[in-house]
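What follows is calculated from the coordinates using simple rules that are stated; it is not laboratory data. Nothing here was measured: the structure is a model prediction, and the numbers come from that model. Here the Cβ is made from the backbone with ideal geometry for all residues, glycine too, and neighbour counts use every protein chain on show.
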Amino acid sequence: MMRYALIVIVLVSVFFIAGCNLISPDPAAVMPVEMPHAYVHQVDTATPRAGEENPAGGWWLAFGVDELSELIQTGLGANHDLKVLKAQADQALADVKSEQSNVGPTLDYSLEGERNYSQFKAPGQSSSSDHDHSYSASLIAGYTLDLWGKNRADVNASELEYLAALQDLEDGALTLSTDIADTWVDIVSVRTRIQVLTRQIEANRMTLKLQELRFINGMATALEVSQQRQALAQVLSAMPLLEKEEKQLVNAMGLSLGQTPGMPVAVSTIDLPQTFLVPQPGIPADLLENRADIRAARMRLEAAALDVEAAKADLLPELTLSASAVFSSGTLDLLFQNWVLSLGAALAGPLLDGGERKAEIERTRAVVREEVNTYAKIVANAIREVEDALVAIDRQKAYISLLEQELSAVKVTLQDARVQYLNGQSSYLNYLSAWASMELLERQLVSEQATYVKERIALYKVTGRQGSFFNAVPAQHNNTGAK
């Protein structure tokens, strides 16, 4: 008897050693992208005082515009895309609970009752009938030992997927807040351009009346009057396009706020914010923790590595412990007086599966390679977005400065052309050309200033310096997995 026990112990030891070697973790995946030590382009964004870079309650508070804050808060609570992301996070949480339920023991019960009726009749005899009752109840418990860590890997992977879904929600909230701010800036910009254009139309109408009066008095030609009418028609034709743009922007804002497009949107600000703090870009390595999309990609990579471990553990047998208690009787009051108790253990594993489980291991390893490159692409794209934002802020500021210089020069030219025209030294066309250039530059300058504001807003999005919108998303998860 001792000899057989020794053989069993040796076989079980060999079995466990072989199993542990089989499910040893794969080497950690290496991200195929090199993190630079600093951004190529640097721009002076002014160093904020402590607590100013990310004001408590939202980055948009740096604007100091209550209207914008209310719009963003409304969007965060009612936007349809954000609700979709929240529902996806809830689904991922349910998956976590489902996987956790597989770790513990199971206990099932059943209750049954049966009543049988029978009738017999023999030849030459009257029929007879009979009936009986039977009752039964059972409790069945089972527990599968997680010898190779498969259940643990599945639970950890599902938790990481849930955390990644929360990161998606964070990223969606940041994207929504910057989109609402961009749309708000565009609405203010287009309304400012409409105001500028309205003043230009009135000025052209006044000039046309003066030219018609000069023509009546013989001081202007019919051509000069026609040229002024053409100038008025030109600025009038620009108004419908601006009005169309305004209506479309209001519709876009309504959709972002979770409203039906066409409903009024509370935007009454008439001036663009001139100065507000923007976040310091820091170094590229900061993006790994600051940006929610990068955190989500890293968590999905770690979850994919855990799926490999679970697939390898599936090659090995499972040890299941079971217990059952069955109660049965023909009368209900004696049900629990007649019982059978069973205890058991079962060892089950694959012998031949046509390579299905090994194929699953290869599939999960391929998923890891996919997630590694997805992670690398997201990181590289994040660095590019910050570089682009820094360049855009710097060059847009320089462009606006040059536009302002050009506008000043055009105004001087306009004044000189007016003097020469009134003195008969130049044609009216030269004056109109300078006037038209000034009008276009005035409207363009408003548009470019709005673009500059949006470029500075974009720096909040691409650096991910806002922090948590919902105060429920950990910055990292310490489960083992690919790094």
- Task: Report the full-extension gain for the segment E243 to L352: residue separation times 0.36 nm, less the Cα-Cα distance, to one decimal in nm.
- Result: 32.1 nm
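Note the full-extension length gain between K83 and F336 as 0.36 nm times their separation in residues minus their Cα-Cα distance, in nm to one decimal. Write down the numbers at each step before the final one.
Working: separation 253, 0.36 × 253 = 91.08 nm, distance 5.26 nm.
Fully extending the segment from K83 to F336 adds 85.8 nm.
Just to be sure I understand: if I project the alpha-carbon convex hull of region 295-343 onto a plane and average over all orientations, what area do I get in nm²?
Numbers: hull surface 27.9 nm².
So the Cα hull casts an average projection of 7.0 nm².
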- Message: Please list, in order, the residues from region 228-247 whose amide nitrogen is less than 20 Å from a point placed 7 Å along the Cα→Cβ vector of L429.
- Response: 228-235
- Item | Hydrodynamic radius of region 296-401 per Kirkwood, over alpha carbon pairs, in Å | 19.9 Å
- Dipole of the chain [Lys/Arg +1, Asp/Glu -1 at C-beta], most positive-end residue of S426, G258, I383: S426
- Item | Nearby lysines by direct alpha-carbon distance to K209 (threshold 21 angstrom, same-chain neighbours under 8 apart not counted) | none
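Step through the table entries K86/K461; K97/K461; K377/K461; K247/K411, compare each Cα-Cα distance with 22 Å, and write down the pairs that go over it. Kindly include the intermediate steps, with their values, before the conclusion.
On the way: K86/K461 20 Å; K97/K461 33 Å; K377/K461 17 Å; K247/K411 32 Å.
Exceeds cut-off: K97/K461; K247/K411.
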- Across 10 Å bins beginning at 0, the whole-percent shares of Cα-Cα pair distances in region 177-308 come to 10, 22, 19, 19, 14, 8, 5, 3, 1, 0
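For the chain, what does the relative contact order come out to in percent, with C-alpha contacts under 8 Å and a separation of six or more?
Details: 638 pairs, mean separation 126.2, N = 483.
After rounding, I find 26 percent.
Tally Lys and Arg at +1 and Asp and Glu at -1 over the other residues with C-beta under 11 Å from the C-beta of G258: what net charge comes out? All intermediate terms of the calculation are to be shown ahead of the outcome.
Values: positive: K83; negative: D81.
Net of charged neighbours comes to 0.
For region 328-376, take N as its residue count and report Rg(C-alpha) divided by 2.2 N^0.38 Å.
2.60
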- Simple spin-label estimate for E406/S101, 7 Å along Cα→Cβ, in nm, reads 6.6 nm
- Item | Contour minus Cα-Cα distance for T175 and T221 (0.36 nm per residue) | 10.8 nm
- Item | Debye log10 I(q)/I(0) for the chain, one point scatterer per Cα, at q = 0.05, 0.06, 0.10, 0.13 Å⁻¹ | -0.42, -0.54, -0.95, -1.21
- Label-to-label distance, nm, for residues given as S447 and N381 (7 Å Cα→Cβ offset): 2.9 nm
- Unit-weight point scatterers at every alpha-carbon of region 145-242, Debye formula, q = 0.15, 0.18, 0.22, 0.23 1/Å: log10 I(q)/I(0) is -0.78, -0.90, -1.04, -1.07
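Only helical DSSP H runs with n ≥ 4 go in: add -39500 (n - 2.57) per run for the chain, normalise by residue count and round the 222 nm mean residue ellipticity to 500 deg cm²/dmol. Show your work: numbers first, answer last.
On the way: 9 runs with 287 residues, N = 483.
Counting only the DSSP helices, I get -21500 deg cm²/dmol.
Semi-axes, largest first, in whole Å: what does sqrt of 5 times each Cα gyration tensor eigenvalue give for region 266-356?
63, 28, 12
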- What is the log10 of I(q)/I(0) for region 365-440, computed with the Debye formula using one identical point scatterer on each Cα and no solvent, at q = 0.12, 0.15, 0.20, 0.25 Å⁻¹? -0.57, -0.68, -0.85, -1.02
- Message: Using the Cα centre of region 40-197 as origin and beta-carbon charges of +1 (Lys, Arg) and -1 (Asp, Glu), tell me which of V188, I72, A164 is placed farthest towards the positive end of the dipole.
- Response: A164
